[in-house]
Amino acid sequence: MDKRIEAYLAYIDAVRGLSERTVRSYREDLAQYDAFLSGEGRDGAAAVDIDEARSSDIRAFEAALVTDGKAGSSVNRALSTIRGFYRYRARYGGLASDPSRDIESLPDRRKLPRFLFEDEMSDFIALADGDDFRSVRDRAILEFLYSTGCRVGEAAGLSLRDLSLEDGTARVFGKGSKERIVFLAEPARQALAAYLPMRSELRTRAGAALSESRDAAAGKAGRGEGCDEDGKAPGSKPRDPLFVNTRGGALTERGIEWIVDSYAAKAGTGKRVSPHAFRHSFATHLVARGADIRVVQELLGHANISTTQIYAHVDMERLRKVYDQAHPHGGTGTGNGKEGRR
């Protein structure tokens, strides 16, 4: 990949502190954009150096994505990535002008987030049932995600010292390394209390062999339990990670995703469940039970209230369904029509 792109990715990782998931997405978007400028999908057009691209080249790339059937959200994410890259190049790379400055995103048609209803969430978490290390650890992870609404990267980045079972809180670091305090409900506290002694015993047994196992696992990214390094820069993982794999090493974002995926395959809900679905469920359930939207914003660590507003729309959808089912004149109400009319 172009060295200028690599330098930008290193910058957003090390300086801006973006999550590994976000850096991975930026890498994919910029690799696709660079390939497009080199001539792929341009009907024989001459290659264009990334620093010499014009706004017309970016618009052509946008059009190519739309033609390929990419979702509007994916197109807008790619455009946002490109804008960030060129802002970086203009500030640190000596680029004379930013070709992305006047590029607008596609109209926002945000989909309602995927979430589980309260009974579905309870049934899902209950799937982690057992007294072996994996089951106890998995239960702690699932309860933690639902209790706190944390991003998967925030959970993976937790150190033991960030947790306070006595206070029922945890200190997490969100996007841009912004710190916030999240709260642990009683089921999460109990699950973590059961997990911590097993974690301590495993870490003690792992001992000096832990560093060697990290090196061996570095090439197994994407396989859940083996994702010890996952391409992260040295020292970026917590030294004393809260959530660990079966060898005592830090459990990565991909490792947690793999764990959730394994239970989703057993759940039979028919819904696509990811760690982020826990975050959506957390927020949706809070709003449904009357929590102020700005409180939910603080708990989620959203910089902008507009990002949190989507959960109010989710709850309105839920209320609409209840109304339609319960009101005599509702869309699916039992009295829909003649009964009850006067």
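The values are calculated or read from the model by the stated rules, or taken from the named source; none is laboratory data. Only a predicted model underlies this, so the values are computations on that prediction, with no experimental measurement involved. Note that each Cβ is placed from the backbone with ideal geometry, even for glycine, and that neighbours are counted across all protein chains shown. What goes into the accessible areas is simple: the full protein's heavy atoms, side chains included, and nothing from ligands, DNA or RNA. Shrake-Rupley method; radii C 1.70, N 1.55, O 1.52, S 1.80 Å.
What a 1.4 Å probe finds exposed on the range 110-155 is 45% carbon and sulfur by accessible area, rounded to a whole percent.
Close amide H partners of V244, meaning residues 5 or more places away or on another chain with modelled amide H under 5 Å apart, are L251. Close amide H partners of G174, meaning residues 5 or more places away or on another chain with modelled amide H under 5 Å apart, are E179, R180.
Rolling a 1.4 Å probe over the protein heavy atoms gives the range 5-153 an accessible area of 52 Å² per residue.
Assuming charge only on the beta carbon of Lys and Arg (+1) and of Asp and Glu (-1), the dipole of the range 1-92 about its Cα centre is about 440 debye to the nearest 20.
According to the square roots a ≥ b ≥ c of the eigenvalues of the Cα gyration tensor, what is the shape class of the range 121-189, taking rounded for a/c under 1.5, prolate for a/b larger than b/c otherwise, and oblate for the remainder? Mind showing how you got there, number by number?
Values: a/c = 1.90, a/b = 1.74, b/c = 1.09.
It is prolate, given that a/c is not under 1.5 and a/b is the larger ratio.
Can you send over the carbon and sulfur percentage of the accessible area for the range 1-67, probe radius 1.4 Å, protein chains only?
On the way: 1680 of 3510 Å².
Percent of accessible area from carbon and sulfur atoms in the range 1-67: 48.
For R101 and R180 in one chain, what is 0.36 nm times their gap in residues minus the Cα-Cα distance, to one decimal in nm? Gain in length upon complete extension: 25.2 nm. Computed from label points 7 Å out along Cα-Cβ, the spacing between A7 and D131 is 5.9 nm.
When the chain is fully extended, how far beyond the present Cα-Cα distance does V48 get from N304, taking 0.36 nm per residue of separation? Could you put the intermediate results ahead of the total?
Details: separation 256, 0.36 × 256 = 92.16 nm, distance 3.64 nm.
That pair, V48 and N304, stretches by 88.5 nm at full extension.
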